[in-house]
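One structure below.
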Amino acid sequence: MKHILAIRHVAFEHLGTLAPVCNQLGFQITYLDIGFNDLKILDPLAPDLLVVLGGPIGAYEDNKYPWLLDELHCIEQRLAAKRPILGICLGAQLMARALGSKVYPNNATEIGWSPLRLTPAGENSCLKDLATCDFQVLHWHGDTYDLPIDTQCLASTDITKNQAFSYGKTALGLQFHLEIDVTEIERWLIGHAHEIAATPSITNTHLRTDSAYYGNALAASAANCLKNWLTHAIEQ
């Protein structure tokens, strides 16, 4: 059986609606939980797919979270070996840093649902499958990154220029949350209460309403998007 290892930083930011898709495709999923499991014993090349999930810290804060350097080392090895890797939110920022780019606070915090604009490269990528949900996705980040050398920008929003990038056929970084399971939105509202409170334009009511409206369509589109990407990434 094929194996997915997902690095998880907080319990409620897991593979979400992508997990059933992975199971259907014959993958066994294992989580490595930061703060509980030791990254130093990880063989970053062993799993068929490595997923680096989100979390409410900065990809540059290794002075506060020294284990970030171990995580970056794992990502660097994975990228150098051209083994399939998917980064979501913090995961995408760590991939960008591992590829030599700067990660830093964005001009504005981007929380809530809004549509992506695909670049020409994005229109020829797996992200084209998000057309069935009108490219409406959930954003939840205050940082951004410069586009790494030898990568392609796949999508943007008004607030964040680099919303997604590809590095060859085996590495995909997504700043937005493709994986969100909106039946668990209350866990996000609790876990990220400080960020919501610090973003005046966002309210819990607004997030609940939009999540109920857009969530199911995104889940269906995300499934096709992931299947499309994995078909090409795992072949390598």
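The values are calculated or read from the model by the stated rules, or taken from the named source; none is laboratory data. It should be emphasised that the depicted structure is a prediction, and the values quoted were computed from it without experimental measurement. Counting neighbours? That spans all protein chains shown, and the Cβs are built from the backbone with ideal geometry, glycine included.
Each residue in the range 4-32 was checked for being part of a strand (DSSP E or B) and under 25 Å from L69 (Cβ atoms), and 8 of them qualify.
The number of residues in the range 91-117 that are among the hydrophobic types (A, V, I, L, M, F, W, C) and within 19 Å of I149 (Cα to Cα) comes to 7. The set of residues in the range 33-57 that are over 20 Å from L79 (Cα atoms) and either of a type in the set (S, T, Y) or part of a loop (DSSP other than H, G, I, E, B) (or both) comprises G35, F36, D38, G55, P56, I57.
Restricted to the range 15-62, and to residues there that are surrounded by fewer than 17 Cβ atoms within 10 Å (Cβ to Cβ) and polar (S, T, N, Q), the residue that is farthest from A223 (Cα to Cα) is N37.
Of all the residues in the range 66-90, those that are touching a Gly at 6+ places or on another chain (Cβ under 7 Å) and in a helix (DSSP H, G or I) number 1. Applying the set (1) within 25 Å of C225 (Cα to Cα); (2) among the aliphatic types (A, V, I, L, M); (3) at pLDDT below 95 to L42 leaves exactly one unmet item: (1). Taking N37, is it at pLDDT below 95 and either of a type in the set (F, W, Y) or out of contact with any strand residue (DSSP E or B) (no Cβ under 7 Å at 6 or more places or on another chain) (or both)? Yes. Among all residues of the range 125-148, there is at least one that is in a helix (DSSP H, G or I) and in contact with a strand residue (DSSP E or B) (Cβ under 6 Å, 6 or more places away or on another chain). Taking the range 196-230 as the range and being of a type in the set (A, V, I, L, M) and surrounded by fewer than 20 Cβ atoms within 10 Å (Cβ to Cβ) as the test, the residues that pass are A197, A198, I202, A212, A217, A220, A223.
Screening P115, P105, P120 for residues that are more than 26 Å from T205 (Cβ to Cβ), touching a strand residue (DSSP E or B) at 6+ places or on another chain (Cβ under 8 Å) and surrounded by fewer than 19 Cβ atoms within 10 Å (Cβ to Cβ) leaves exactly one candidate, P105.
Out of all the residues in the range 1-19, is one or more under 20 Å from P148 (Cβ atoms) and in contact (Cβ under 8 Å) with a residue 60 or more places away in the chain? Working first, answer last.
Applying the first criterion (under 20 Å from P148 (Cβ atoms)) to the range 1-19 yields 7.
With the extra rule that they be in contact (Cβ under 8 Å) with a residue 60 or more places away in the chain, the set shrinks to 7.
Yes, some residue in the range 1-19 is under 20 Å from P148 (Cβ atoms) and in contact (Cβ under 8 Å) with a residue 60 or more places away in the chain.
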